[in-house]
Amino acid sequence: MNKTDLINNIAEKSGLTKKDVEVVLNGFLGEVTDALSSGDKVQLIGFGTFETRKRSGRTGRNPQTGNPIVIAESNVPAFKAGNKLKDAVK
């Protein structure tokens, strides 16, 4: 399912227009992005938690040359599923 499919399904089930659903979805995605970029986490009880995790630096290899390269430490987005979501997927 892509973003367009998600918008269409929500609009169909809620009775809202596709335009309204798109505005709400874009707002949600923007707020989650803003929260994660500022170091906060977004917790939706029963669904899951969006958060950032620190990935430590490491040494890798350039696939073309085989030479070792240093991969810097970074923050990466992560999602941890909640219990209701886990149970629904089982």
Worksheet item: Given the range 30-90, what strands (runs of 3 or more DSSP E) lie entirely inside it while holding 1 or more residues that are among the basic types (Lys, Arg)?
Response: 48-55, 58-61, 74-81
Discussion item. Here are the criteria: (1) loosely packed, with under 10 Cβ neighbours inside 10 Å; (2) under 28 Å from Glu31 (Cβ atoms); (3) among the polar types (S, T, N, Q). Tell me which single one Thr52 does not satisfy.
Written reply: (1)
Practice prompt. Take the range 60-72 and flag every residue that is exposed (fewer than 10 other Cβ atoms within 10 Å of the Cβ) and touching a residue at least 12 places away in the same chain (Cβ under 8 Å).
Written response: Val70, Ala72
Worksheet item: Does Gly27 meet the test of being out of contact with any His (no Cβ under 8 Å at 6 or more places or on another chain) and either surrounded by 11 or more Cβ atoms within 10 Å (Cβ to Cβ) or not assigned by the TED database to the domain that holds Asn8 (or both)?
Response: no
Worksheet item: How many residues, within the range 37-54, are out of contact with any Phe, Trp or Tyr (no Cβ under 7 Å at 6 or more places or on another chain) and either free of Cβ contacts under 8 Å to residues at least 12 places away in the same chain or on the phi > 0 side of the Ramachandran plot (or both)?
Response: 6
Worksheet entry | Of the criteria (1) open to solvent by 80 Å² or more (accessible area, probe 1.4 Å); (2) more than 26 Å from Asp87 (Cβ to Cβ); (3) touching a Ser or Thr at 6+ places or on another chain (Cβ under 9 Å), which one Lys41 fails | (2)
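The values are calculated or read from the model by the stated rules, or taken from the named source; none is laboratory data. Being a predicted model, the structure only gives us computed values, none of them experimental. Positions of Cβ are backbone-derived with ideal geometry, glycine not excepted, and every protein chain shown enters the neighbour counts. Side chains are part of the model used for accessible areas, which takes the heavy atoms of the whole protein and leaves out ligands, DNA and RNA. Shrake-Rupley method; radii C 1.70, N 1.55, O 1.52, S 1.80 Å.
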